[in-house]
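What follows is a short report on a single structure.
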Amino acid sequence: KPIPSPPAYPLIGHAGTGVIDPTNSQSSFRLLRDKYGEIYSLNFFGRTVVNVSSQRLVNELCDEKRFQKKVEGSVLEVVRNGVGDGLFTAYHGEENWGIAHRVLMPAFGPSQIIGMFPAMLDINSQLLLKWERFGPDEAFDPTEDFTRLAFDTIALCAMSYRFNSFYHQDMPPFIGAMVRFLIESGMQMQRLNIVQSWMTNTKQQYEADIKLMTDVCDQIVSYRKAHPTEGKKDLLSLMLEGKDPKTGRGLTDTNIRNQLITFLIAGHETTSGLLSFTLYHLLSNPSAYATLQREIDTVLGKEAITVHHLPKLEYTNAVLRESIRLNPPAGAIGVAPIADSEIIGGEYELRKGWNCVIHMDTLHRDPAVWGEDAEEFRPERMLGEKFDQLPPNSWKPFGNGARACIGRPLAWQESLMMLATLFQRFDIRFDDPSYHLKIKQTLTTKPLGFRIHAIPRQGAR
Ligand code: MNH
C-alpha cells in the first residue's frame, strides 16, 4: 500500500514547501499526522523520511532484530560536527559506541544514582533558596532555573565540577553556544550545500560555538587533573581511567571530549523541559495539583527529604510519567530497516536507506492506546499496575533498546526530588492565568513564555 505524502516540488521535495517549520517542527508534524494519519512520508533533496505515530506501527519499529538507530541523513549527523562519536550521535555499530557504552554504563547503576543524592540536593537547595528570596511578588520563567538546576546537577554528579549557575545573572556561556549550535544544525538540514557554502558568518559563529563547548570540556578535564577525586568513581573518572571489559581499551582524548559535550547537552536540556512542562500541567489541572501536594505533605510533611521518601512518592511519579507522555522533551527518534526492506502493519513497505522517524508526542496521544481522553492530563492512568500493563512500546520518552537514554535514572531521581521539595515549600501560580502552552524548540522542546509566582507556604520548612 503506498505511504501517503503531501504534494512536493521536483528535486528538493518538501524542503521549502513550508510543510515543516524549522523553528517548531513538532507542531508541523502534528498537523501532518492529523491530515495524513499514522504514517506519511516526506522527501528532502531526495532523502525519504517516513513519519510514524501509532503504537501498532511503532511497536514493529522498536524490534531491534528488524530495525536499528539511524544517524545518517538525520539532524544527528549534522550534530556530529560538534559531538562526533559521542554516545548519542554514534553510528549504529561504530566501535567507540560499544567501548564507551560498556565503560560508562556502571556510572548509572542504582547505587551510583542513590550516591548522587547529596550532590543533587545541594543544587536543588540553591533553586529553592533563590525562589524563597524572590517571594510571592516576583514573576519569573521557571524554565531558566530548571535549566540551571539540570546543568549544574549533571556537572556536579557526573564530573564533580561546579558551574555555580545560580550565582550568575546570565546563563552559563556553554548554554548559549549549545542552543545556537543545535538550532543551526537543524537549519542546515533544510539548506542546499551551495547556499550553505556562501554563509560565511553563520559558519564562523557555528565554529566559534563548537570551540566554546570544547574549551569548557577541556577546562573540566584540566580541573580534574589538578584536583584528583581520591577513589571516587564518577562518570568523568570512568572516562579517564575506565577500561572496556570486552576489548581492554579505554576512551581516546577526542572521544572523551565528545562524551563530555554530549553529557552536558543531553544531561540538562531534556530534564529542564520535563520539569517546566510538569509545572504547566499541574497549574492547568488543579485537582492533580491538589492530589500531588497532599501526597507530598503526607510522605514528607516538614521533614528534610531523604532517599527513603522517594519510592513513596507514587502519585508524584505518575505526574512525571503523564507530563512526559504529553510533552516528551526529546520528541522524535530515528530508525531504519536492517534488511533491504521491511513490511510494517502488514501493508507498508520501508526501505533500508530511508529514515523512519518515531514521533513520540503523537505516539503518546494514540487514541487506540490512551482512549478518548488522550489529550487530557490524567496522572491516575500512570499509577502502579496501569503503567506496567500499557501496550508494548506505547510510552517511549527515553527512546528504545540498546540506544535508549543512559541518563534516565539520574534525570528521574533529580526530577522527583525537585517536585517533592518544591511543593513542600511553595504554592505555585500562573503569572498570566490565561497562558496557553507555547513551545520553544531546539533539538528538544520547552515551554515558551511561561511565567509563574512561587508563594512560600505558611509554616513550611
Ligand atoms: Mn537522554 C539518549 C531522552 C536525560 C544522556 N535520551 C536519549 C534518547 C532519548 C532521551 C529519547 C534516545 C535518542 C535516540 O534514539 O536518538 N534523556 C531523555 C529525556 C531525559 C534525558 C526525556 C530527561 C527527562 N539523557 C538524560 C540525562 C543524560 C542523558 C540526564 C545524562 C546523564 N541520553 C543520554 C545519552 C544518550 C541518550 C548519553 C545516548 C545513549 C546511547 O545511544 O548510547
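Within the set Met239, Met213, the sole residue that is under 26 Å from the mean Cα position of the chain (by Cα), within 20 Å of Glu77 (Cβ to Cβ), of a type in the set (A, V, I, L, M, F, W, C) and part of a helix (DSSP H, G or I) turns out to be Met213.
Could you check the stretch 176-187 and list, in sequence order, the residues that are touching a residue at least 60 places away in the same chain (Cβ under 8 Å) and either surrounded by fewer than 20 Cβ atoms within 10 Å (Cβ to Cβ) or not polar (S, T, N, Q) (or both)? I'd like the intermediate steps shown before the answer.
Within the stretch 176-187, the subset touching a residue at least 60 places away in the same chain (Cβ under 8 Å) is 178-179, 181-183, 185-187.
Passing the criteria: Met178, Val179, Phe181, Leu182, Ile183, Gly186, Met187.
Scanning the stretch 230-241 for residues that are touching a residue at least 24 places away in the same chain (Cβ under 8 Å) and open to solvent by 10 Å² or more (accessible area, probe 1.4 Å) turns up Lys232, Lys233, Leu238. Counting only helices (runs of 4 or more DSSP H) that sit wholly inside the stretch 80-170, those with at least 3 residues that are open to solvent by 30 Å² or more (accessible area, probe 1.4 Å) and either more than 12 Å from the ligand (Cβ to nearest atom) or modelled with pLDDT of 95 or more (or both) are 95-104, 110-115, 117-134. Taken over the stretch 384-419, the criterion of being under 18 Å from His364 (Cβ atoms), among the polar types (S, T, N, Q) and under 18 Å from the mean Cα position of the chain (by Cα) is satisfied by Asn393, Ser394, Asn400, Ser415.
Filtered by the rule that a residue be of a type in the set (Val, Ile, Thr), more than 16 Å from the ligand (Cβ to nearest atom) and open to solvent by 20 Å² or more (accessible area, probe 1.4 Å), the stretch 368-425 gives a lone residue, Val369.
Does Leu61 fit the bill of being of a type in the set (A, V, I, L, M), within 16 Å of the ligand (Cβ to nearest atom), touching a residue at least 24 places away in the same chain (Cβ under 8 Å) and open to solvent by less than 20 Å² (accessible area, probe 1.4 Å)? Before the answer, list the steps.
Values: of a type in the set (A, V, I, L, M): yes; within 16 Å of the ligand (Cβ to nearest atom): yes; touching a residue at least 24 places away in the same chain (Cβ under 8 Å): yes; open to solvent by less than 20 Å² (accessible area, probe 1.4 Å): yes.
Yes: the conditions hold for Leu61.
Conditions tested, residue by residue: (1) within 27 Å of the chain's Cα centre (by Cα); (2) closer than 27 Å to Glu375 by Cα; (3) open to solvent by 10 Å² or more (accessible area, probe 1.4 Å).
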position: Thr278; (1), (2), (3): yes, yes, no
position: His281; (1), (2), (3): yes, yes, yes
position: Leu300; (1), (2), (3): no, no, no
position: His308; (1), (2), (3): yes, no, yes
position: Pro311; (1), (2), (3): yes, no, yes
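The values are calculated or read from the model by the stated rules, or taken from the named source; none is laboratory data. Note that the structure is a prediction, hence the values are computed from the model and not measured. All Cβ positions, even for glycine, are placed from backbone atoms using ideal geometry, and neighbour counts span all protein chains on display. What goes into the accessible areas is simple: the full protein's heavy atoms, side chains included, and nothing from ligands, DNA or RNA. Shrake-Rupley method; radii C 1.70, N 1.55, O 1.52, S 1.80 Å.
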